Amino acid sequence: MRVASPAMGDGVRLAELVAALSLATDLGLGQPQEHGLRQTVIAGRLASAAGMSEDERTAAYFVSLLSWVGCVADSHELARWFGDDVRVRAASFAVDRAGLPMLRFMLGQLDTSGTGRGRIAETGLFMSRGVRQVMNGMAAHCQTTGAVAARLGVPAHVQRALPQALERWDGKGGPAGLKGTAIEPVMRVAHIANDAEVVVRTAGIDATLTMLTARSGRQFDPDLVALCVDRPTEIFGGLDGVDNWRDAMEGCALLDRPMTAEEESEALKTLADLADLKSPWFTGHSRALADLAEKAALNAQCSAADVGLVRDAGCVARLGAIGISAAIWSKAGPLTSVERERVRTVPYLTERILGRCGRLATIGSLAAMAHERMDGSGYPRGSAGPAIPGPARLLAASLVYRALREDRPYRPALSSDAAAAALKAEADEGRLDAGAVAAVLAAAQGRSPRRPASSSGLTPREIEVLQLLVRGLTNKQIATRLTLSGRTVGTHIEHIYAKAGVNTRGAAAMYAMRSGLVDASTPFGQPGEAKIG
């Protein structure tokens, strides 16, 4: 029951982990992979042209790579209004994201399918409620980015800049409304690099300079824009011939370092939480999968290295889901053939995200096998029999069991007995390995329920409210479920936010997963019930 494991000492470096995370972020933004790395090369060039110190230039690399990592936090809300959160993020790069241009953009992207009267009603509802929710998404983005940076242990001055990712030079950004030089210099550099990379890639340098000049003094620092106009080839030239991964790693060198085993474990859990944040239906799924797979590997008497490898692969098995619209994950009816094909890309995308460095590549290769089946009916490669190593068989059986035990928008969770019967049937029909199924069921039957951590500072009732809140239920739905008044639920949520130091659903979900207060088996409710608005 072995796959090739990385050699001792071949650990993960902080810069590698951050760069891999940027590849996942590219998916959530609807951009091709290496958008973030190319953006980071631009940021480094611009920082050098601006005469920034070596420490500031290195900070610019980390800020650039991490500044959009929180984009997944409001996916559920964006999908509610616009249908496809990935599509709308991709389209937003063409817009000066403030004031009337931004409002026109949002109204143009609004999902208003149906009758004329229905479209009018949806538009009115968006104006009264949706605009505020989208703006709140800024806070969710920034809070999530800050939480991720803190959990990865990036330097304090980098963490200080990251919450400013959506601020603007003219003060019309958010969430703090910072203006001008109140925004950290490295973030002002990242602001330009982020939008400029898309325009350079799609329309060329001249179009990029036109865009920057039009937004100078509004979205962007005018002095930095002037530098770009004066030295365009130095800052934007030759990007297609650059090894973006290598250049990004070199730029991170001053702040780069090997991660300890504990830091690496926390980083992989962070990736798990980010993947699950994509949809409330999967909150806590990846941690629960990793836990079950680890116990199954112990039952199967795997080596210590393979036990750790199976656990780590469970953490990241859904990482590619960041690139799939949240509307697909929340769809109550059957998926179309196109939607099914999008879902089937998740393991491939996961492997691509992690495939650029040794240990992460090993983890990603195993994670990509989670949907393969013994009879060759799985995906993405259709591997069969001996081509599927033992740890991958354990991961596949663990994933099926966890999925069956969790609510989905199209069906309720199965009982433990029903899930066990379904898993055995998969083995009997030759799709799952019988030995792996036995190890998983033994692990599942011996697994004690996760209990909320008393150190959270939340009362039992607040934990109940939190568990429903992070599932995407409205205050009214929570009140109905818990037989409380809407005002009481609102008060509980205020207390939860204050104690957790957050003020959005997405940031609360990250807090709940990290604190062990929720996992994917927490009851969700009736299929299709959790809606926003």
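Determine the shape class of the stretch 276-410: with a ≥ b ≥ c the square roots of the Cα gyration tensor eigenvalues, call it rounded for a/c under 1.5, and otherwise prolate if a/b is greater than b/c, oblate otherwise.
Numbers: a/c = 1.57, a/b = 1.45, b/c = 1.08.
It is prolate, given that a/c is not under 1.5 and a/b is the larger ratio.
Short version: ³J(HN,Hα) in whole Hz for each residue of the stretch 491-508, in order, from phi by Karplus 6.51 cos²θ - 1.76 cosθ + 1.60 (θ = phi - 60°), x for Gly and Pro, what are they?
5, 4, 5, 4, 5, 4, 4, 5, 5, 8, x, 9, 8, 9, 4, x, 5, 5
Order the peptides 261-272, 465-476 from the highest to the lowest mean number of other Cβ atoms within 10 Å of their residues. Walk me through the intermediate numbers first.
Values: 261-272: 18.9, 465-476: 22.7.
By packing density, highest mean first, the sequence is 465-476, 261-272.
Using the Karplus curve 6.51 cos²θ - 1.76 cosθ + 1.60 with θ = phi - 60°, work out ³J(HN,Hα) for each residue of the stretch 364-380 in order, rounded to whole Hz, and write x for Gly and Pro.
x, 5, 5, 4, 5, 8, 5, 10, 6, 10, 4, 8, x, 8, x, 8, x
Rounded to two decimal places and with Rh computed the Kirkwood way over Cα pairs, what is Rg over Rh for the chain? Spell out each step's value before the answer.
On the way: Rg = 23.1 Å, Rh = 23.9 Å.
Across the chain, the Cα-based Rg/Rh ratio is 0.97.
What is the magnitude of the charge dipole of the stretch 172-282 about its Cα centre, with +1 placed on the Cβ of each Lys and Arg, -1 on the Cβ of each Asp and Glu, and no other charges, expressed in debye to the nearest 20? Don't skip to the end; give the middle numbers.
On the way: 11 positive and 19 negative charges, 130 e Å.
Computed about the Cα centre, the dipole is about 620 debye.
Take the Cα coordinates of the stretch 173-294, assign each an equal point scatterer, and use the Debye formula without solvent to give log10 I(q)/I(0) at q = 0.10, 0.18 Å⁻¹.
For the stretch 173-294 at q = 0.10, 0.18 Å⁻¹, log10 I(q)/I(0) is -0.53, -1.03.
Would you mind checking the stretch 159-202 for residues with the amide N under 11 Å from a putative spin-label position 7 Å along Cα→C-beta of residue 49?
193
From the phi of every residue in the stretch 179-195, what ³J(HN,Hα) in whole Hz does the Karplus formula 6.51 cos²θ - 1.76 cosθ + 1.60 yield, where θ is phi - 60° and glycine or proline is x?
Residue by residue, the stretch 179-195 yields 9, x, 6, 5, 7, 4, x, 5, 6, 5, 5, 5, 4, 5, 4, 4, 6 Hz.
Placing +1 at every Lys and Arg Cβ and -1 at every Asp and Glu Cβ, with all other atoms neutral, what dipole size does the stretch 276-391 have around its Cα centre, in debye to the nearest 20?
Values: 14 positive and 10 negative charges, 58 e Å.
Here the size comes out at about 280 debye.
Which one, 18, 121, 332, projects farthest toward the positive side of the charge dipole computed for the chain from Cβ point charges (K/R +1, D/E -1)?
Sorting the options by dipole projection puts first 121.
How far is it, in nm, from the label point at residue 233 to the one at residue 202 when both lie 7 Å from their Cα along the line to the Cβ?
2.7
What percent does the relative contact order of the chain come to when contacts are Cα pairs within less than 8 Å and at least six residues apart? Intermediate results must be reported in sequence, preceding the final value.
Values: 878 pairs, mean separation 98.3, N = 533.
Relative contact order comes out at 18 percent.
Suppose a student asked you for the relative contact order of the stretch 35-186, using Cα pairs under 8 Å spaced at least 6 residues apart; what percent would you report?
It comes to 25 percent, rounded to a whole number.
Taking a probe of 1.4 angstrom, what is the accessible area of residue 495 in Å², to the nearest 10?
That residue has around 90 Å² of solvent-accessible surface.
At 0.36 nm per residue, and after removing the present C-alpha to C-alpha distance, how many nm does the segment from residue 260 to residue 384 gain when stretched out fully?
Numbers: separation 124, 0.36 × 124 = 44.64 nm, distance 3.60 nm.
Going from the current span to full extension adds 41.0 nm.
Treating cross-link reach as a plain straight distance, find the lysines whose alpha-carbon is under 16 Å from the alpha-carbon of residue 269, omitting any fewer than eight places away in the same chain.
278
Starting from the Cα coordinates of the stretch 189-243, work out the convex hull volume and express it per residue in Å³. Kindly include the intermediate steps, with their values, before the conclusion.
Details: hull volume 4.0 nm³, N = 55.
In the stretch 189-243, the Cα convex hull volume per residue is 72 Å³.
Note the full-extension length gain between residue 445 and residue 340 as 0.36 nm times their separation in residues minus their Cα-Cα distance, in nm to one decimal. Intermediate values should be presented prior to the final figure.
Numbers: separation 105, 0.36 × 105 = 37.80 nm, distance 3.18 nm.
Extra length from residue 445 to residue 340 when fully extended: 34.6 nm.
Tell me which of 225, 254, 236 sits at the most positive position along the dipole axis of the stretch 215-255, charges placed on C-beta atoms (Lys, Arg +1; Asp, Glu -1).
Going by the Cα projections, it comes out as 225.
Once you treat every alpha carbon in the stretch 34-147 as an equal point and sum by Debye, what is log10 I(q)/I(0) at q = 0.14 Å⁻¹?
Values, matching the q order: -0.69.
Classify the stretch 275-331 from the C-alpha gyration tensor, please: rounded if a/c falls under 1.5, else prolate or oblate depending on whether a/b exceeds b/c.
Working: a/c = 3.98, a/b = 2.68, b/c = 1.48.
Note, shape of the stretch 275-331 comes out prolate.
With charges only on Cβ, +1 for K and R and -1 for D and E, what is the dipole size of the chain about its Cα centre, in debye, rounded to 20?
Charge dipole of the chain: 1640 debye, to the nearest 20.
Please name whichever of 379, 400, 362 sits farthest to the positive end of the charge dipole of the stretch 343-476, dipole taken about the Cα centre and charges placed at Cβ: Lys and Arg +1, Asp and Glu -1.
362
The values are calculated or read from the model by the stated rules, or taken from the named source; none is laboratory data. The model shown is predicted, which means the values in this text are computed figures rather than measured ones. Backbone-built Cβ (ideal geometry, glycine too); neighbour counts: all protein chains shown. Quick note on the areas: whole protein, heavy atoms, side chains included, nothing else; ligands and nucleic acids left out. Shrake-Rupley method; radii C 1.70, N 1.55, O 1.52, S 1.80 Å.
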